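Data block below; observations after.
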Amino acid sequence: MNAKLITQWSEYGSAVQKTLFLATDSLRIFDPDLVRLNLETRENALFLRDFLASAPRVKLQIVLRNAEPFRCGSPRLFQLLRDFPHRMQVWECAPQLLNMTDAMLLSDDRHAVIRFHQDHARSRVIIDDADACRGYHTRFDEILAEGGTPISATTLGL
């Protein structure tokens, strides 16, 4: 098992980027608002664009407790949602999940960054260990099963 505990925001940022760049098939994110993940940076947004364009099977799923920062402050990510609606889905989580305080970045089925509390950098980083990641994928599936509000990049109306 290749797991490590980190406690500093700088370590967290490095772990997120490393885990993000390891993705080849799927990225699954449960986060308060995406702010600490820095996905909106040019480098990360370009990686996500290349990732989403790489193969028909890739998938990016994001569940947010507060989607307002995504809607108002993430033009690069919102453009990705417009360009790849069949490979990228974003939801605002169901109201019954708003009291959850952790965050997850799951890359493929074997890499993860698990932040224990949204206000702190303390996190578990898992690299190349599918067994250690399995429970987090199950939890993500349970979060999705609770429902929520899908976020669309297109405006519907007359």
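Scanning segment 44-67 for residues that are charged (D, E, K, R) and exposed (fewer than 15 other Cβ atoms within 10 Å of the Cβ) yields Asp50, Arg57.
Of everything listed in (1) part of a strand (DSSP E or B); (2) aromatic (Phe, Trp, Tyr); (3) modelled with pLDDT under 95, the single unmet condition for Phe70 is (1).
Conditions tested, residue by residue: (1) in contact with a helix residue (DSSP H, G or I) (Cβ under 7 Å, 6 or more places away or on another chain); (2) closer than 23 Å to Asp25 by Cα; (3) aromatic (Phe, Trp, Tyr).
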| position | (1), (2), (3) |
| --- | --- |
| Val63 | yes, yes, no |
| Ala67 | no, no, no |
| Arg76 | yes, yes, no |
| Arg122 | no, no, no |
| Ala130 | no, yes, no |
| Arg134 | no, yes, no |
| His137 | no, yes, no |
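In segment 115-129, the residue that is modelled with the lowest pLDDT out of those that are in contact with a strand residue (DSSP E or B) (Cβ under 9 Å, 6 or more places away or on another chain) and surrounded by fewer than 16 Cβ atoms within 10 Å (Cβ to Cβ) is Gln118. Kindly evaluate Lys18 against the criterion of being farther than 23 Å from Ile143 by Cα, in contact (Cβ under 8 Å) with a residue 40 or more places away in the chain, outside any helix (DSSP H, G or I) and out of contact with any Pro (no Cβ under 6 Å at 6 or more places or on another chain). In short, no. Taking the conditions (1) among the small types (Gly, Ala, Ser); (2) in a strand (DSSP E or B); (3) loosely packed, with under 15 Cβ neighbours inside 10 Å in turn, Ala112 satisfies each one other than (3).
The values are calculated or read from the model by the stated rules, or taken from the named source; none is laboratory data. Note that the structure is a prediction, hence the values are computed from the model and not measured. Reconstructed Cβ throughout: ideal geometry from the backbone, glycine too, with neighbour counts over all protein chains shown.
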